[in-house]
1. With respect to residue 343, is the statement that it is touching a residue at least 12 places away in the same chain (Cβ under 8 Å) and under 30 Å from residue 622 (Cβ atoms) true?
2. Assess whether residue 744 counts as being under 21 Å from residue 507 (Cα atoms) and surrounded by fewer than 18 Cβ atoms within 10 Å (Cβ to Cβ).
3. Return the residues of region 136-161 that are of a type in the set (Ser, Thr, Tyr) and out of contact with any Leu (no Cβ under 8 Å at 6 or more places or on another chain); say none if nothing qualifies.
4. Report yes if residue 261 is among the small types (Gly, Ala, Ser) and at pLDDT 95 or above, otherwise no.
5. Is it fair to say residue 338 is of a type outside the set (Phe, Trp, Tyr), under 24 Å from residue 560 (Cα atoms), surrounded by 19 or more Cβ atoms within 10 Å (Cβ to Cβ) and free of Cβ contacts under 8 Å to residues at least 60 places away in the same chain?
6. When you scan region 162-184, do you find a residue that is over 25 Å from the mean Cα position of the chain (by Cα), surrounded by 15 or more Cβ atoms within 10 Å (Cβ to Cβ) and among the basic types (Lys, Arg), even just one?
7. In region 671-678, is there at least one residue being within 31 Å of the chain's Cα centre (by Cα) and at pLDDT 95 or above?
8. Give me the pairs, please: first residue somewhere in region 88-99 and more than 21 Å from residue 228 (Cβ to Cβ) and at pLDDT 95 or above, second residue anywhere and part of a helix (DSSP H, G or I) and not polar (S, T, N, Q), beta-carbon distance under 6 Å, and either six or more positions apart or on two chains.
Amino acid sequence: MSTFSGLEMGKRALQYYRQGMETAGHNISNADVDGFSRQRVEVSTTAPYADVGLSNPWTAGQLGTGVKVDAIVRIRDAFLDAQYIEETSVQGYWETLEEALDYAELFVNEPLTNEEGGTFKTALDSLWSSLQELAKRPDDTSVRDALLEESQSLTTYLNQLSTNYSQYRDSLNEDLALKVEEANTYIDQIAALNVTIKEVQGTGGNPNDLLDRRDLLVENLAGLVDINVSDSAYDSDGDFKIDIDGKLLVQGGTTRHLVLASVAGNEGYYDVQIESNTFDYVDNPDVVTVGFSQSSPEAVHDITIRRLATETAWKIGQATDPETGLGRLKPQSADEALGIKGTFSLQVGSSGTQVTSAAQKDGVVLSNPGTLGQQEYSFRVAWGDNESVVDVTWDDTSKTWTLSDNSGAESVSTAGSDLTVDDLQSFLGGYTGLTANSDGTRLTLKSTDNHLLSLTDIKGDLLSGELQTANDAPVVTIEVTEEDSLETIRNKINGAYGSDGGPSSPDEWLVASIEEGTDGTFSLVLQSQVIGEAARINVLGDEQGSFYVAQRLGLVAADGSTSVVQKAEDAVVTVDNFTYLSDCNDFSKARLVTSANGYRADTLQEVSQGMNFHLNSVGSATATVRHAVTGGEIAGLMTARDDYLLSHMNVFDELAYSLALEMNAVHYAGHGTGDNENVTGTAYFTPIATRQGAAEKLEVGAELLEDPSLLAASGDDGTGKSLGSGDGSNALAMAQLKQATVLSNGTASFDGYYESFIAQLGTQGQRATTMSTNQKALTDQIESQRQSVMGVNIDEEMMDIIKFQQAFNAMARYITTIDEMLDRVINGMGNVGR
């Protein structure tokens, strides 16, 4: 060993103590800095003297040579760090939802917390109260005005609710764009730090402060998106990586950004994808676009659009073309007596895309009627644009049944005096767009284009009795006297709604009106109250099957075919091999065509969870649902916007649509007062065709606002006349809608439906608050555990400073002693005798 080895040992020790003191000072300086990890000096003994070897000098043993500084390291717990990153993402998600639902509760403001102001619920209660008051005082002008004011208040509240929600969704969408930009900034900064850190580590350095800064950025990024972190220390390539479900965002200095993708089927609102992993939501948007919520399962959907919906109601009559129809009366005024007498019947409804008859014994539908039996039958088969009136007549001479229709087709029963199922199959199977099949005992009719079939008896009960294939919707018979005018007949038709045995649901009835033709004459026009094929208007004759009155009114032509002014067609959509019908082209719910309900296609159901479809044209397309981000604030924003808020808006739309439909149906049946005593068919609310966006469209009918005397408080006496200005039966019928269970598949009233929504909103808000609170407590607990490891303790650092100071002083004294010894050796030895 060198004589001066003691000085080297002392120098190393002084360097260690100095670095220890400086490190403690650095810790104290950054005690309040976010993300800072306390640092410690790691040391070890230097190699002893001498190493084992054949040429080792002989000594009593190995001698220590001092201390060396190996590194200055951060004190961190990798497990707690990973937990914190994971739970931070969850916390960001629930905090965002909590904030969004808090705003929603402010918009709704239920229950009302003070006496001032109002809400939709208070406006709805006021509407029912005002209707009850009108029922008591139907001839009071002030009561009518008050009702219209309350109705306008209700529409204003609902319009404002929908507008507030729509604007807040816009705001969340903008916030989403800002959050994505923020996340991309973090990604870029982390990648830049990765490069610097790797350079420092490559030179043997330990960039603790840079690592702290990177970890803080990673934690901030975790609050925005659900990331996974792979430390370079555990990867063979040595790169620090961040990914979302295996899709890399950061790998060393390479980045992939989050990308905002506009979803055409969701009003153009943004979804989030990952750069280099982007995809098209729909491969053929000219055919269909889709919107989806965050609850929509990831999947690839095959979609085929076979037909678009016309989004129209059925309308029959002669107003648009007064020359059509043989024998139609052309009165010069609506109140002119028509001078005709008789009856006709009306029905609104259909039977499904496929109808199968009851089993017929030995396949025989009709046998020899003899002299007393029914010898003539007539029925109508209608589907899409097609309609056929079929007559079944007994020929007593040939003892056969003859089948004929209004196009001139004719055939004779093949089994002599028996009309069989096979005979009907052969005759009806010749129509384009209609297939008829027989198994010998049952007849099955099917529309080849998935149109809804409408089967009605005109004379006799062949369909409703023997075959049991007739529509089951209510049939209303209208009796016409010679003194009746178009106005009176209109009132009789409108007044039939809600009558004993009559239709009680708007989709089962129509509204009659009088329109002036291009030649100055007037005619009767009937229009279904809902859009779509299912509300087809069927005109039937009198008990003898005669269309005399219906023809004179222009409702049917001379051959018995319906005088259709405007048709309705449903969209036909196949999604993942399931076929649906929809009366509109924008929908999330449609009617499944399946044998489970006899192909009636009469029940709305969700096509695919959380998905909205927007049909553009006939064709095929593939729709892809994939969620790149499922956690953090960004996922919370999309969930709030597309799951919670949109579902709330659907509630408002359903309320508005159903309220307008139900109120109008009852109001159509009532009479005005004063000069408008003989007027029916006035809309209370402006009719709304589709549910989507109904809340923003709800408004009181313009005719009522201009002339409150049109407010139909009085009922019809059954002859087309008003029960009088003092009668409030129709106002009472509207007030009774408060208790009517017309929502949620006939299980909820208007009040109950809205109260259920309020309860749901409260539950959602409470759940979000609870989850946010619990998650924050969990995250705080993990952070507390992390700080116990990585946090700076001032007392502990001061103790280290004192320790290093005392050790430094001691080592300084050691060096001084060594110096004195060396001084004696250098200056004192060899000077004897001088």
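The values are calculated or read from the model by the stated rules, or taken from the named source; none is laboratory data. What you see is a predicted model; the values in this text were computed from it and never measured. In this analysis, Cβ positions are derived from the backbone assuming ideal geometry, glycine residues included, and neighbour counts consider all displayed protein chains.
1. When the stated conditions are applied, residue 343 does not pass them.
2. The answer is yes for residue 744.
3. Within region 136-161, 141, 142, 153, 156, 157 meet the criteria.
4. yes
5. No: the conditions fail for residue 338.
6. Looking through region 162-184, none of the residues is over 25 Å from the mean Cα position of the chain (by Cα), surrounded by 15 or more Cβ atoms within 10 Å (Cβ to Cβ) and among the basic types (Lys, Arg).
7. There is no residue in region 671-678 that is within 31 Å of the chain's Cα centre (by Cα) and at pLDDT 95 or above.
8. Sorted first by the residue in region 88-99, then by its partner, the pairs are 97/636; 97/640; 97/768; 98/768.
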